[in-house]
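In what follows, a single structure is set out as structure tokens and then discussed.
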Amino acid sequence: MIKRLLLLISRIIVGTVFCFSGYVKVVDPLGFTYKVEDYLASMGTFMAQLTPLAFTVALIIPAIEFIIGISLLFGIRLKEGSWAAALMMVFMAPLTLWIAIFNPVHDCGCFGDALVISNWETFWKNVILSGLIAIIFIFLKEHRSKISIKGQWLSIIYAFIFSVGLSFYCYKNLPIIDFRPYAIGTDIIKSMEIPDGAEPDLYDIKLVYEKDGIQKEFTLENYPKTQDWTFVDQHSVLVKKGYEPPIHDFSMDTDEGDLTEMVLTDTSYTFLFISYDLKLADKSKSKEFNDIYNYAEKHNYGFYAMTSSVQEDIDKYIKKDKAEFPFVLSDKITLKTIVRSNPGLVLIKDGKILNKWHYRNLPKFNAPLENSELGKTKEDNTSKTIIISLLLIGIPLLIFFITDKFLLNRRD
């Protein structure tokens with residue numbers, strides 16, 4: 001009894017973590033693609049050459065994680081699921097230890113943007129999971145599945161189709177759940193504020209002074225203030241990261257100055273054309289974007305194109321696509337975070353994000369936004385989306401299990 005209880009608890013914990021980890025990456029395939037690209041770039045020139053495979057990896061790994069989670073949670077093909085989980089830990093535990101020690105990326109992205117944990121927390125999480133997987137192996141013989149072999153494989157195949165199909169849907173459109181700081185409904189100005197009393201970054205600062213040809217390090221508390229010492233250099237090492245607001249890198253720069261405050265405090269509507277790289281931007285909807293700019297001009301709404309591209313690429317885009325809207329410069333990572341589409345369209349008012357659109361799903365703007373549903377904040381359907389996802393994976397599996405038990409009524 002105790003053995004079966006330990007097996008059940010371990011299965012539930014590991015299975016839940018794998019399902020969650022896989023799902024949050026499945027709904028944001030481009031986000032995980034960017035993370036894989038960061039990994040490859042940090043591993044040297046040879047691995048960086050594999051960047052074109054990043055999207056494929058971003059589809060396969062979350063699907064495998066999700067399947068492992070389903071296997072462990074429902075106890076279907078448990079032996080294969082346990083081995084797959086173990087093999088993943090054999091790969092991920094050393095990798096996350098390397099990441100924790102050398103810190104090549106800010107966070108591992110194991111839970112996407114849904115839950116950001118430190119690199120060391122990620123490593124210890126994998127250590128704990130490895131221990132629980134070991135328990136599953138120890139008591140594996142205690143498990144007896146009541147589902148036929150065919151029924152189990154059918155469930156695994158469906159879980160794979162569900163995860164890959166959902167990934168493609170979110171890639172072709174936008175993530176069905178937005179875990180990022182620029183989700184619809186976000187007040188950008190408030191999200192950039194640092195609250196009173198917030199802990200600042202803590203640095204270990206060393207000041208280098210020279211006297212009689214000899215250099216010596218001092219702290220801010222004991223550095224020499226006499227003229228016989230000459231300041232040479234300063235070294236700062238981050239000891240402890242302080243509070244960082246959810247949005248800390250939003251900017252709109254031009255040759256004439258920074259437009260960030262002006263745009264975010266505008267009480268009217270503003271369209272933001274987002275393209276982190278104009279050379280990679282899809283050009284099939286250029287006419288539609290130009291029409292939206294003309295619509296904005298007609299109704300006295302703001303319209304700015306935000307990019308991190310160099311001026312040469314901006315000029316080429318303007319000439320080729322006959323774009324008349326003004327361009328501003330912003331951080332590449334920020335633009336990738338704002339909208340998972342290149343290009344994408346964002347509508348803001350008073351610094352608040354009202355809606356976002358993939359270039360494949362641009363709406364038709366006719367009436368003034370003040371009199372249109374398009375001018376209102378899009379409803380947050382996160383809870384509804386999660387429930388629908390659970391039903392889409394749960395109901396078919398339940399049907400498989402019931403059919404297997406009462407109609408097939410046999411074991412392979």
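Structure above, values below:
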{"read-out": "Evaluated at q = 0.11 Å⁻¹: base-10 log I(q)/I(0), Debye formula over Cα of the chain", "value": "-0.97"}
{"read-out": "Spatially proximal aspartates and glutamates relative to residue 190 (Cα-Cα < 19 Å; intrachain offsets below 8 disregarded)", "value": "178, 199, 244, 249, 258, 261, 266, 350, 380"}
{"read-out": "Cα-Cα pairs of region 306-399 separated by more than 22 Å (percent)", "value": "49 percent"}
{"read-out": "Whole-percent carbon and sulfur share, accessible surface of the chain, 1.4 Å", "value": "61 percent"}
{"read-out": "Test item: Cα-centred dipole of region 91-209, Lys/Arg +1 and Asp/Glu -1 on Cβ, debye", "value": "1020 debye"}
{"read-out": "For region 176-283, accessible area per residue (1.4 Å probe, heavy atoms of protein chains only), Å²", "value": "63 Å²"}
{"read-out": "At R0 = 25 Å, FRET efficiency that the Cβ-Cβ distance of residue 234 and residue 101 yields, to 0.05", "value": "0.40"}
{"read-out": "Kyte-Doolittle mean at least 0.5, axial Cα span of 27 Å or more - DSSP H helices of the chain", "value": "2-26, 54-74, 78-102, 119-138, 149-172, 382-403"}
{"read-out": "Top positive-direction residue, dipole computed over the chain with Cβ charges, set 274, 168, 82", "value": "82"}
{"read-out": "Helical contribution to [θ] at 222 nm, DSSP H n ≥ 4, -39,500 (n - 2.57), averaged over the chain, rounded to 500", "value": "-15500 deg cm²/dmol"}
{"read-out": "Loop-located chymotrypsin sites (Phe, Trp or Tyr not before Pro) in region 211-267 whose Cβ has at most 15 other Cβ within 10 Å (DSSP)", "value": "243"}
{"read-out": "Relative contact order for region 289-412, counting Cα pairs under 8 Å that sit 6 or more residues apart, in percent", "value": "16 percent"}
{"read-out": "Measure of compaction for region 52-168 (Cα Rg per 2.2 N^0.38 Å)", "value": "1.16"}
{"read-out": "Cα→Cβ-extended label distance, 7 Å offset, between residue 3 and residue 41, nm", "value": "5.1 nm"}
{"read-out": "FRET efficiency, residue 390 to residue 161 (Cβ-Cβ, R0 25 Å, nearest 0.05)", "value": "0.90"}
{"read-out": "Cα lying deepest toward the dipole's positive end in the chain, options 194, 24, 397, charges on Cβ", "value": "397"}
{"read-out": "Anchor residue 211: lysines whose Cα lies under 17 Å away (excluding residues fewer than 8 positions away in-chain)", "value": "225"}
{"read-out": "Debye intensity ratio I(q)/I(0), log10, region 133-271, q values 0.19, 0.21 Å⁻¹ (C-alpha model)", "value": "-1.17, -1.24"}
{"read-out": "Highest-first arrangement of 378-390, 10-22, 335-347, 355-367, where packing means the average Cβ count within 10 Å", "value": "335-347, 10-22, 355-367, 378-390"}
{"read-out": "Among the listed pairs 35/279; 35/240; 283/384; 378/405; 316/349, those beyond 32 Å (Cα-Cα)", "value": "283/384; 378/405"}
{"read-out": "Relative contact order for the chain, counting Cα pairs under 8 Å that sit 6 or more residues apart, in percent", "value": "16 percent"}
{"read-out": "Highest-MSF residue in the chain out of 58, 134, 159 [GNM, Cα springs under 10 Å]", "value": "134"}
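The values are calculated or read from the model by the stated rules, or taken from the named source; none is laboratory data. These numbers come from a predicted model, not from an experiment. Glycine also receives a Cβ, built like all others from the backbone with ideal geometry; neighbour counts cover every protein chain displayed. Only protein heavy atoms, including side chains, enter the accessible area calculation; ligands, DNA and RNA are left aside. Shrake-Rupley method; radii C 1.70, N 1.55, O 1.52, S 1.80 Å.
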